[in-house]
């Protein structure tokens, strides 16, 4: 029996997220909101979903920031302050600036009411999915994230092997 998966690679993990390409032609999206792009922290686990909308990709990057910050995951204080820590980080500042520079829109982050994951969640097997796009250099970070978020040829897929 042969299984063919379009636009994703295979892995041994029970869940996986992957960056995907829809064709090779660059096509930059321009947000349609009037002044403000509202996003929230997402929960990206084992669901079977394809994401190509810039708001989804912006939410994924926002949620990913927590996995790039230097703090102890076992700290009780971390859970209480994680949202504030993310929103005051250089990565978030650069993300806000990039969005403003690209489309003259500001970002507003809707707070997640979850006690379990106030800053959202990305499955532990997939927190490295943006490694090749992530940078500690401001200019490189902004350019890479602009291309990933607003270029409609890029997306990401969440899936698992329990089906």
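The values are calculated or read from the model by the stated rules, or taken from the named source; none is laboratory data. Note that the structure is predicted; figures quoted are calculated from it, not measured. Quick reminder, even Gly has a Cβ in these numbers, built from the backbone with ideal geometry, and neighbours come from all protein chains shown.
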(message) For the range 123-149, which positions are within 16 Å of residue 63 (Cβ to Cβ) and over 14 Å from the mean Cα position of the chain (by Cα)?
(response) 125
(request) Tell me which residues, restricted to the range 82-114, are out of contact with any helix residue (DSSP H, G or I) (no Cβ under 8 Å at 6 or more places or on another chain), at pLDDT below 90 and part of a loop (DSSP other than H, G, I, E, B). (result) 113, 114
(request) Just name the residue that is surrounded by the most Cβ atoms within 10 Å (Cβ to Cβ) out of those in the range 95-122 that are under 14 Å from the mean Cα position of the chain (by Cα) and farther than 14 Å from residue 37 by Cα. (result) 119
(request) Would you mind telling me which numbered condition in (1) over 25 Å from residue 137 (Cβ atoms); (2) modelled with pLDDT of 65 or more; (3) part of a helix (DSSP H, G or I) residue 79 fails? (result) (2)
(request) Output the residues belonging to the range 38-61 that are surrounded by 19 or more Cβ atoms within 10 Å (Cβ to Cβ), within 16 Å of residue 112 (Cα to Cα) and in contact with a helix residue (DSSP H, G or I) (Cβ under 9 Å, 6 or more places away or on another chain). (result) 39, 41, 42, 44, 58, 60, 61
